[in-house]
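A.B. asks: Before I ask anything, let me first share the structure, which is written out below as structure tokens.
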Amino acid sequence: MLQKTRGIAINYIKYRDTSIISRIYTEDFGLQSYIVNGVRSAKSKGKMALYQPLTLLDLVIYHKDGAQLNRISEIKCFYPYQHIPFEIRKTTIGIFLGEVLSKIVRENEHDHAGQFDFVAKSLQEFDTLTANFESFHLQFLVKFTQYLGFDLVNTEDLYQQVYHLTKSDMLSKEVLEFIEFLYNAPYAHEKKTTLEIKREALKNVISFYDHHLGTLGSLKSVEVLRQILH
């Protein structure tokens, strides 16, 4: 059955000589996998660009509930990025966000809470920022909790849960204040703090996510963030 929806490309794997299997986070059906034939052939006219991670998409798809693979009838980008693919710091943050989303969003999950819209609008705003975006990935994670059922509005919850997991006092007052600032401030509002506090904040927010979702595990892109941003 043909359905219209918006999507965010997450990743893809090569399939046979010229095809791919693309994983796309859709607004109406959650995370879905699509087989795309011939897209890597010389005749595809650059269509592989549409399947690069975090590309924002308008889709017409053939959707069947319960199917492991579906197909795409029509695809186009509804917001071409101007900066994320071309600036190394933004690209690095984008890689991290793509890895996180691949482990958070679920299959066959209808968007009841505005979760997709939050992600799409956040990515568009990130693309336009010209300064003070080095903590965007952390701020995104902190704000995203509002849509996942474990809102970080109260950093005391973060402290108690991390303490429960580690049995050690890992979260200083400065780290908690930084996380609370990120939750309440608009994107691009930077709070001056140390590199150590930023790293501890990210480490503990990831632990907070993993406590609730159990899906993050070890994120390969964290080390890349350390090398490029700091």
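A.B. asks: Filter the stretch 63-84 down to the residues that are at pLDDT 95 or above, out of contact with any Asp or Glu (no Cβ under 7 Å at 6 or more places or on another chain) and not aliphatic (A, V, I, L, M) and list them by number.
C.D. replies: Within the stretch 63-84, ASN70, ARG71, SER73, GLU74, CYS77, TYR79, PRO80 qualify.
A.B. asks: I've got another one for you. Can GLU109 be described as in a helix (DSSP H, G or I) and closer than 30 Å to VAL205 by Cα?
C.D. replies: On the way: in a helix (DSSP H, G or I): no; closer than 30 Å to VAL205 by Cα: yes.
Criteria not met by GLU109.
A.B. asks: How many residues are out of contact with any His (no Cβ under 9 Å at 6 or more places or on another chain), surrounded by fewer than 20 Cβ atoms within 10 Å (Cβ to Cβ) and outside any loop (DSSP other than H, G, I, E, B) when one looks only at the stretch 124-143?
C.D. replies: Residues that pass the stated criteria total 3.
A.B. asks: Being in a helix (DSSP H, G or I) and either closer than 27 Å to GLU125 by Cα or modelled with pLDDT of 90 or more (or both), is that true of even one residue in the stretch 159-172?
C.D. replies: Taking every residue of the stretch 159-172 in turn, none turns out to be in a helix (DSSP H, G or I) and either closer than 27 Å to GLU125 by Cα or modelled with pLDDT of 90 or more (or both).
A.B. asks: Now, a different point. Take the stretch 113-143 and flag every residue that is free of Cβ contacts under 8 Å to residues at least 40 places away in the same chain and aromatic (Phe, Trp, Tyr).
C.D. replies: Once the filter is applied, which keeps residues that are free of Cβ contacts under 8 Å to residues at least 40 places away in the same chain and aromatic (Phe, Trp, Tyr), the stretch 113-143 yields only PHE118.
A.B. asks: On the given criteria, is ILE13 surrounded by 15 or more Cβ atoms within 10 Å (Cβ to Cβ) and at negative phi?
C.D. replies: The answer is no for ILE13.
A.B. asks: Tell me, which residue of the stretch 200-230 that is assigned to a loop (DSSP other than H, G, I, E, B) and free of Cβ contacts under 8 Å to residues at least 12 places away in the same chain is farthest from THR155 (Cα to Cα)?
C.D. replies: Taking the candidates together, the pick is SER218.
A.B. asks: Here's a check for you: in the stretch 175-218, which residue that is touching an Asp or Glu at 6+ places or on another chain (Cβ under 6 Å) and within 24 Å of ALA120 (Cβ to Cβ) is surrounded by the most Cβ atoms within 10 Å (Cβ to Cβ)?
C.D. replies: The selected residue is TYR187.
A.B. asks: Determine, yes or no, whether ASP117 is of a type in the set (D, E, K, R) and outside any helix (DSSP H, G or I).
C.D. replies: no
A.B. asks: Just checking, how many residues over the stretch 48-60 are closer than 28 Å to THR91 by Cβ and over 22 Å from the mean Cα position of the chain (by Cα)?
C.D. replies: The number of residues fulfilling the criteria is 0.
A.B. asks: Would a scan of the stretch 89-102 turn up a residue that is free of Cβ contacts under 8 Å to residues at least 40 places away in the same chain and surrounded by fewer than 15 Cβ atoms within 10 Å (Cβ to Cβ)?
C.D. replies: Step one: filter the stretch 89-102 for residues free of Cβ contacts under 8 Å to residues at least 40 places away in the same chain, giving 91.
From what is left, the residues that are surrounded by fewer than 15 Cβ atoms within 10 Å (Cβ to Cβ) are none.
Checked against the condition, which is being free of Cβ contacts under 8 Å to residues at least 40 places away in the same chain and surrounded by fewer than 15 Cβ atoms within 10 Å (Cβ to Cβ), the stretch 89-102 yields no hits at all.
The values are calculated or read from the model by the stated rules, or taken from the named source; none is laboratory data. For clarity, every value in this text was computed on a predicted model and none was experimentally measured. Neighbour counts run over all protein chains shown; Cβ positions are idealised from the backbone, glycine included.
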